[in-house]
Amino acid sequence: MKVTVLGAGMVGSAIALDLAQEPELEVAVADIRPEALDRLRAAAPVAATRVAATRVAATPVATTQADLRAPGCVGALVAESDMVISAVPGYMGFNTLREVIEAGKDVVDIAFFAEDPFLLDEAARARGVTAVTDCGVAPGLCNIIAGYVDDLLDRTERYVCYVGGLPRIRQWPFEYKAVFSPVDVLQEYVRPARLVEGGREVVRPALSDVELVDLPGVGTLEAFNTDGLRTLCRTLDIPSMREKTLRYPGHANLMRVFRESGFFSEEAVTVDGQAVVPMAVTSHLLFEQWRLAEGEADFTVMQVVLEGQQGGAPVRYTYNLLDHYDAATRTTSMARTTGYTCAIVARQLLKGLFRRPGICPPEYLGPMPGCYDDLLAGYARRGIRLEIEVERSAG
């Protein structure tokens, strides 16, 4: 069976290398950047060594340099594939997903695009395509948890997710490094955040409602609103829902200063007779400073809380995730938690554990028999720990 991964960034490469550990899978990766493909090829022997003690030798990963935005490129690349992974930047995500669906290929997508994925639902159904969208750590794992727990409860009353990927070492002035696509990071800071309050969807500015949160194994971080609920606003009937991004304290205020001063604007301004887009300049200056150095350690932290009624009594489910950079394979924690979630779900689809033609956000997987347990088992094999606590009150 052939799997084609579109995008060879930090996360796309982790997905490809993980899937390549399966001898029955032929894995191909396409990206426009030769340096990204070179890094992937160099990392393949290290990834194979990691699993040599427990699995057969990894299969080679085929690489192709291609402009995925070129007309017809995606369709041609995936024509012989049994499964497609879309790991492109968010601004390319919607069109890439549409082209994969038009090619009639099942797809698992981690692109964080702004458009409503359900706009492609009819096309996916018409072609019998199962398209799992937003299938990373958040959105992704948190959605699967939400769907699973919501199915267990008689009534779910509250959902909240705190999540962030951070460098282990804090460095002035940003105390942050981009552990996934920097373009998508900046979009988190400008895209309005959708929340659910009193059973109604409301919109708050990104970076708003800053609060300090104490998390196990990490300490105190700040949390602020971002547009992370995404499909949950539509698919689950929970009267109170929100997602908040985690950073070291002080980062949100600094990013608000950038935003309110116009540095994140997409509207061109004239400087010395030249039209300049502030966001383009800001991105150029920030991205190099936000780039993780080779071997630089990061961590991913997430806490998901669901509260409601079960068996006539109040109950609270709390999930805590804390994952660290893997020095042995030189894989970032964000690539592990995002990429391995995608890879595990792709395997579930390939082996027929679930199938649901149309747009299938991750919360649809939670209640499906076997998917949740298979995901946790897959995490355990990869050294990702998810602590679960259930608190019940007397009815």
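The values are calculated or read from the model by the stated rules, or taken from the named source; none is laboratory data. These figures come from a predicted structure and were not determined experimentally. Heads up, the Cβs are rebuilt from the backbone with ideal geometry, glycines too, and the neighbour counts pull from every protein chain shown. Surface areas here come from the heavy atoms of the whole protein model, side chains and all, with no ligands, DNA or RNA. Shrake-Rupley method; radii C 1.70, N 1.55, O 1.52, S 1.80 Å.
Quick rundown of the values:
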| quantity | calculated |
| --- | --- |
| Residue identified as of a type outside the set (Val, Ile, Thr), more than 19 Å from the chain's Cα centre (by Cα) and more than 24 Å from Tyr176 (Cβ to Cβ) among Leu376, Leu286, Leu350 | Leu350 |
| Some residue of the range 218-225 being part of a loop (DSSP other than H, G, I, E, B) and of a type in the set (Gly, Ala, Ser) | no |
| Only one of Arg336, Arg316 that is part of a helix (DSSP H, G or I), of a type outside the set (A, V, I, L, M, F, W, C) and open to solvent by 10 Å² or more (accessible area, probe 1.4 Å) | Arg336 |
| Total residues in the range 178-202, condition at negative phi and modelled with pLDDT of 90 or more | 12 |
| Selection within the range 157-200 - in a loop (DSSP other than H, G, I, E, B) and aliphatic (A, V, I, L, M) | Ile169, Ala178, Val179 |
| Pair list, Cβ < 6 Å and 6+ apart or interchain, from the range 103-114 residues that are over 12 Å from Ala87 (Cβ atoms) and of a type in the set (Asp, Glu) to residues that are at pLDDT 95 or above and assigned to a loop (DSSP other than H, G, I, E, B) | Asp106/Val129 |
| Failed condition for Asp237, given (1) open to solvent by 20 Å² or more (accessible area, probe 1.4 Å); (2) part of a strand (DSSP E or B) | (2) |
| Count - residues of the range 14-27 that are buried (at least 24 other Cβ atoms within 10 Å of the Cβ) and either hydrophobic (A, V, I, L, M, F, W, C) or within 14 Å of the chain's Cα centre (by Cα) (or both) | 7 |
| Residue in the range 303-313 that is more than 30 Å from Ser393 (Cβ to Cβ) and within 24 Å of the chain's Cα centre (by Cα) present | no |
| Subset of the range 341-373 (residues that are in a helix (DSSP H, G or I) and open to solvent by 10 Å² or more (accessible area, probe 1.4 Å)) | Arg347, Leu349, Leu350, Tyr364, Tyr372, Asp373 |
| Residues (open to solvent by 40 Å² or more (accessible area, probe 1.4 Å), aromatic (Phe, Trp, Tyr) and touching a residue at least 24 places away in the same chain (Cβ under 8 Å)) located in the range 240-289 | Phe258, Phe287 |
| Odd one out for Glu363 among (1) over 22 Å from Phe118 (Cα atoms); (2) at pLDDT 95 or above; (3) of a type in the set (D, E, K, R) | (1) |
| Strands (runs of 3 or more DSSP E) wholly inside the range 53-156 containing at least 1 residues that are of a type in the set (Asp, Glu) | 107-109 |
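Yes/no per residue for (1) open to solvent by 10 Å² or more (accessible area, probe 1.4 Å); (2) under 28 Å from Thr245 (Cα atoms); (3) of a type outside the set (Asp, Glu):
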position: Glu99; (1), (2), (3): yes, no, no
position: Val108; (1), (2), (3): no, yes, yes
position: Phe113; (1), (2), (3): no, yes, yes
position: Glu122; (1), (2), (3): yes, no, no
position: Gly128; (1), (2), (3): yes, no, yes
